[in-house]
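The values are calculated or read from the model by the stated rules, or taken from the named source; none is laboratory data. In this text the structure is predicted, and so the values were computed from the model without any measurement. Note: ideal-geometry Cβ built from the backbone for every residue, glycine included; neighbour counts use all protein chains shown. For accessibility, only protein heavy atoms count, side chains too; no ligands or nucleic acids. Shrake-Rupley method; radii C 1.70, N 1.55, O 1.52, S 1.80 Å.
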Amino acid sequence: MSARLVALLGALMLASAAPLLPRMSEPAAGGSGFTAWPRTFDGVPLARMAEAAQDTWFARDFPGSVARFSAGGRQVVIRWVNAPTRRLHPASHCFEGAGYAISPIPMQRSAGGALMSCFSARKPGERLRVCEQLRDDSGHSWPDVSAWYWGALAAPAGASWWSYVVVEHER
């Protein structure tokens, strides 16, 4: 048997056994280890907003905690997770699912100087600028969910992260 055939058969056997391996557990809804929401975002006080119908839909099956806040003239959606998960998806997916046309726009820096990925979200009569950033409690930040996910996989047990989605009306 050739070495290539042996390698192919070995890969096929490993792939067929993958469904039998234990899965990484997702954090529990509500988030084990969650303590409290931040009081400020970029130095601006946060005021908790009442839950809207879309909040329940967006938070459905989310493995962590989600809440909306007002911060000056902006709205900030904060998501907290305590383990890497593919269910923490980019904010653009939520807006696309809600019927917005999405266009990438240049990144911007938060008040702390960290990069945030941004996009324009448009519907008839509504034009929004949306920026997103993830942070951990050690001061690290990521401008988007994909960059965060791969770094989070290597994080020590017990780590947790905050996703900030900042929404403001375009002028």
Worksheet item: Rounded to two decimals, what is Rg over Rh for region 66-122 when you use alpha-carbon atoms and the Kirkwood radius?
Response: 0.97
Item to complete: Please go through region 62-133 and write out the chymotrypsin sites (Phe, Trp or Tyr not before Pro) that DSSP classes as loop and that have at most 10 other C-beta atoms within 10 Å.
Response: none
Response to the item:
If amide H atoms are modeled at 1.01 Å from N in the peptide plane, then the residues at a separation of 5 or more from Leu46, or on another chain, having amide H under 5 Å from its own are Thr40, Phe41
Worksheet item: Karplus couplings for region 81-86 from phi (6.51 cos²θ - 1.76 cosθ + 1.60, θ = phi - 60°), rounded to Hz, Gly and Pro as x?
Response: 9, 10, 7, x, 8, 7
Discussion item. Need one value: the accessible area of Val166 in square angstrom, 1.4 angstrom probe, rounded to the nearest 10.
Written reply: 10 Å²
Worksheet, complete the sentence: The ³J(HN,Hα) series, computed from each phi in region 74-79 with the Karplus coefficients 6.51, -1.76 and 1.60 at θ = phi - 60°, rounded to the nearest Hz and given as x for glycine or proline, is 10, 10, 10, 9, 10, 10
Response to the item:
Evaluated at 25 °C and 0.890 mPa s, the Stokes-Einstein D of region 107-171 based on the Kirkwood radius over Cα pairs, in µm²/s, stands at 191 µm²/s
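Given 37 °C and 0.692 mPa s, how large is the Stokes-Einstein diffusion coefficient of region 36-130 in µm²/s, with Rh as the Kirkwood radius over Cα pairs?
Estimated via Stokes-Einstein, D reaches 223 µm²/s.
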